[in-house]
Amino acid sequence: MGIVTAGKGYADLLQTLSDLGLGLADLIQAGVGVLKIGMIWPLEPRRIREYARRAKMLFVIEEKRPFLEDQVKSVLYGLSQGERPSVVGKTQSDGSRLLAASSALSSIAIAKALIAVLPPLNITGKGNCWANSLGYNCGVGTAK
């Protein structure tokens, strides 16, 4: 699993992790990578493709409309099915909403989206389920 983000979306991700008592190192320890994009237009296709080849799913975190998400999907379109991960962001693969497309992001919105797309993370020293702090039952992804 990989997260792709830029600018304020990256800052919002860091704030969400902090609110949950986590950091980037905790995600990496759990096998979740984070790719911070410095310039979103034009997007560097080679960097995205290389990162995507290491993940089964990419979660794009950005504010408002899916500008970065659409570019990531476009860059990956030509890859073979075995090389191309699923890309989620504003919506999941099944079309259900993950993040708002017309408003600013909040830590709670990002945390709920992470809970929806990430498997339970067993992070050493942090307990079995970091999402318990939001009232979620890890392993089933629904509120208690």
* To do: Name the residue, out of Asp70, Asp19, that is of a type in the set (D, E, K, R), out of contact with any Gly (no Cβ under 8 Å at 6 or more places or on another chain) and touching a residue at least 60 places away in the same chain (Cβ under 8 Å).
  => Asp19
* Of the conditions (1) closer than 12 Å to Val60 by Cα; (2) buried (at least 20 other Cβ atoms within 10 Å of the Cβ); (3) among the hydrophobic types (A, V, I, L, M, F, W, C), Leu27 fails just one. Which one is it? -> (1)
* To do: Please work out which one of (1) under 21 Å from Ala6 (Cβ atoms); (2) part of a helix (DSSP H, G or I) is the condition Ile115 fails and give its number.
  => (1)
* To do: Could you look through the stretch 36-64, keep only residues that are over 12 Å from the mean Cα position of the chain (by Cα) and of a type in the set (Val, Ile, Thr), and pick out the one that is modelled with the lowest pLDDT?
  => Ile40
* Asked: From the set of residues in the stretch 65-107 that are at pLDDT 90 or above and among the charged types (D, E, K, R), which is surrounded by the fewest Cβ atoms within 10 Å (Cβ to Cβ)?
  -> Asp94
* Asked: Could we say that Ser133 is at pLDDT below 90 and assigned to a helix (DSSP H, G or I) here?
  -> yes
* If you check every pair at least six apart or on different chains, which have Cβ atoms under 6 Å apart with a residue in the stretch 30-42 that is within 18 Å of Leu14 (Cβ to Cβ) first and a residue that is among the hydroxyl-bearing types (Ser, Thr, Tyr) and not in a loop (DSSP other than H, G, I, E, B) second? -> Leu35/Tyr51; Lys36/Tyr10
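The values are calculated or read from the model by the stated rules, or taken from the named source; none is laboratory data. Predicted, not measured: the structure shown is a model, and the values here were computed from it. Glycine also receives a Cβ, built like all others from the backbone with ideal geometry; neighbour counts cover every protein chain displayed.
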